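The structure appears below as structure tokens.
The values are calculated or read from the model by the stated rules, or taken from the named source; none is laboratory data. What you see is a predicted model, and the numbers here were worked out from it, not measured in a lab. Don't worry about glycine lacking a Cβ; one is built from the backbone with ideal geometry, like all the others, and counts go over all protein chains shown.
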Amino acid sequence: MVVTDLDMHAMWLTRIFQRYFVAIDETRAHLEALGLPGERITVSGIPIDPVFTEPVDRRATRLRYGLDPGRTTLLLSAGALA
């Protein structure tokens, strides 16, 4: 089970698992406090696709999406659960 959040949400919980991969030590401690075996929990960070390390031409990208290159652009993201 690869937890892709910093915090542990109930939706990630299961007793049927080979190993949990979590982002931070606090999440590991939380799972251990819930009774999950520590030897099956690995603190590995959040997996990131290497494409996100490649440089991006900000001006070209803004123009491609119809955004004004002279203005600040913010991307807000939230969970997808309804």
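A few comments on the model shown:
- Members of the stretch 53-80 that are within 30 Å of M11 (Cβ to Cβ) and either modelled with pLDDT under 90 or part of a loop (DSSP other than H, G, I, E, B) (or both): L74, L75, L76, S77, A78, G79, A80
- Tallying residues that are more than 20 Å from A78 (Cβ to Cβ) and either assigned to a helix (DSSP H, G or I) or of a type in the set (D, E) (or both) within the stretch 3-26 yields 2.
- Every condition in (1) closer than 19 Å to M11 by Cα; (2) small (G, A, S); (3) within 21 Å of the chain's Cα centre (by Cα) is met by S44 except one, and the failing one is (1).
- Pairs meeting the criteria (first residue in the stretch 27-40 and in a loop (DSSP other than H, G, I, E, B), second residue of a type outside the set (D, E, K, R) and surrounded by fewer than 17 Cβ atoms within 10 Å (Cβ to Cβ), beta carbons under 9 Å, at least 6 apart or on different chains) are L34/L13; L36/L13; L36/F17.
- Inter-residue pairs, beta-carbon under 8 Å, first closer than 20 Å to L74 by Cα and in the stretch 43-62, second among the acidic types (D, E) and assigned to a loop (DSSP other than H, G, I, E, B), 6+ apart: R62/D68
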